[in-house]
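Structure first, commentary second.
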Amino acid sequence: MITESALRSFERMETPFFYYDMDILRRTVDNFASTLSKYGITAHYAVKANSNDRILRTISGAGIQAECATGNEITLALANGFPAAGIFFDGVAKTDKEIITALKAGIEIFNCESIQEIEVIDAIAGSMGLKAAIAVRVNPDVDAHTHKYITTGTEEDKFGISAGAFDQLFATLARCRNLSFQGIHMHAGSQITDMSVFANIGKKAAEFEKIFEDHGLQVKLLNLGGGLGVDYNDPLGNWMPDVEGLARAIADNLPVKPGQSVHIEPGRAMVAQCGHIISRVVYVKEGLKKKFAILDCGMHTLIRPALYQAHHEVENLSCKAPIEKYDVVGCVCESSDTFAQGLEGGAPHRGDFFAIHSAGAYGQVMNMKYLQRDLAPAIYSDDI
Ligand code: LLP
């Protein structure tokens, strides 16, 4: 939420910047913590969604664990209060250096994505005189019904080990002396709002568990990955993600045996709605048929619309009436750098503040310096 007093304090700030409503973040994180503990599910926050120190500290402070995709994310997570003993290390391309970083730190689990990766982790752990705890990322072949660039769980994806390679997998696991097999990992995709997808993932996990146990591998850990979506169309009215729906879909479809633990890796749903890009209109341009509000942010600030045709609500904070129809575009010289087409919003003027909502997840972390523009800084509601 952007209050009147927050808007007044924006007057003295350079734009664009990411504005984080820390109250929304705390309430979202607390909802995850309390709802999931009711269902006995452990959350590992996907650091890739937003890795700002203040955000990480708020999440670790609520007792949530971390999921990291690189060695640098592990280092950052540790520096911001996440215990090593709760870190899951994901990713298709873990380098030797990253594996060593993770082993030295004493992370909880390597989620392994290929047979060769399993062999490399075994060799490195052996050379360090350690045993590495691993889970195997299996390919659930579940359609997440989401954008094709963020679907990961169908058979054709580069992620995970498909059932066709299981014989080789089981032979490899039997050979590796420096690994301790803990369980199964899955991740079907991102921005999933249809809870039946999570129900299917839960059912698939139970099926895979049986296959592994039939091969003499005890499945102690079931990790269903991230993916819970948020409402990009109504970020102010419906900002709380459906954590209860997710937990219920899992609990109803995945029977848990004594001694087993269930985990998820939410990223987007924890941080998307607390973040907004605040930008000023640089120019208003009257085209032949259209009007354009040209902002001082662009696809280098938020790449999601250009990369995934993602929708983000755009709002003129400075002028609510009269309503006009216009396009809201970024400051980069590429046609895909458009935030809204045919927006019906308050008439734009040079200098007006615009907000682009739901920018807390995969916003600032995907920033770049294209055109040598400055990276947009973070401003936190607690500080203004
Ligand atoms: N676990 C694994 C193994 C993942 O690959 C991801 C995200 C997550 C957890 C967290 O997923 P979430 O809960 O955030 O959906 N840049 C894209 C999203 C890429 C997601 C990559 N993997 C976007 O802006 O939509």
Extended-chain gain in nm, criterion 0.36 nm per residue less alpha-carbon gap, Lys257 and Ile323: 18.0 nm
Burial order of peptide ranges 210-216, 175-181 (average beta-carbon count within 10 Å, highest first): 175-181, 210-216
0 to 90° range, to nearest 10: angle between helix 243-253 axis and the chain longest Cα axis: 30 degrees
Full-extension gain in nm, Ala174 to His349, via 0.36 nm per residue minus C-alpha separation: 56.3 nm
Positive-end residue of Gln218, Val262, Ile124, charge dipole of the chain with Cβ unit charges: Ile124
In sequence order, calculated HN-Hα J values of segment 326-334 (Karplus, 6.51, -1.76, 1.60; Hz; x Gly/Pro): 7, 9, 10, 10, x, 9, 9, 7, 9
Between 0 and 90°, nearest 10: helix 195-214 axis offset from the chain longest Cα axis: 20 degrees
About the Cα centre, charge dipole magnitude for segment 23-272 (Lys/Arg +1, Asp/Glu -1 at Cβ), debye: 680 debye
Options Gly330, His311, Cys297, ranked by Cα towards positive dipole end of segment 296-340, top entry (Cβ charges): His311
Two-site label geometry, Leu130 and Tyr283: point separation in nm, points 7 Å out along Cα→Cβ: 5.5 nm
Whole-Hz couplings from phi, Karplus 6.51/-1.76/1.60, listed for segment 293-309; x for Gly and Pro: 9, 9, 8, 8, 10, x, 5, 6, 8, 9, 8, 4, x, 5, 8, 10, 6
Largest-first ordering by accessible area, 1.4 Å probe, given options Glu4, Glu117, Glu244: Glu4, Glu244, Glu117
Phi to ³J(HN,Hα) by Karplus 6.51 cos²θ - 1.76 cosθ + 1.60 over segment 350-355, Hz, x for Gly, Pro: 3, x, 4, 7, 10, 10
Folded to 0 to 90 degrees: helix 166-175 orientation relative to the chain principal axis, Cα: 60 degrees
Sequence of Lys285, Lys220 when ordered by accessible area, the most exposed leading, probe 1.4 angstrom: Lys285, Lys220
Using a Förster distance of 22 Å, the FRET efficiency for Glu207-Gln116 (Cβ separation, nearest 0.05): 0.30
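Test of understanding: what is the full-extension gain from Lys290 to Ser9, defined as 0.36 nm times their sequence separation minus their Cα-Cα distance?
98.0 nm
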Rg over Rh, two decimals, segment 23-272 (C-alpha only, Kirkwood Rh): 0.95
Of all accessible heavy-atom area on the chain, the percent that carbon and sulfur account for (1.4 Å): 50 percent
Segment 295-384 - Debye-derived log10 I(q)/I(0), Cα point model, q = 0.18, 0.20 Å⁻¹: -0.84, -1.02
Virtual spin-label span in nm between Ile100 and Ser34, 7 Å along Cα→Cβ: 4.6 nm
Cross-link pairs Lys158/Lys257; Lys97/Lys203; Lys48/Lys291; Lys97/Lys257; Lys325/Lys369; Lys48/Lys204 - those with Cα-Cα distance over 29 Å: Lys158/Lys257; Lys97/Lys203; Lys48/Lys291; Lys97/Lys257; Lys325/Lys369
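The values are calculated or read from the model by the stated rules, or taken from the named source; none is laboratory data. Since we're looking at a predicted model, the values are computed, not measured. Cβ coordinates were reconstructed from backbone atoms using ideal geometry, including for glycine residues, and neighbour counts include every protein chain displayed. Note: areas computed on protein heavy atoms with side chains; ligands, DNA, RNA excluded. Shrake-Rupley method; radii C 1.70, N 1.55, O 1.52, S 1.80 Å.
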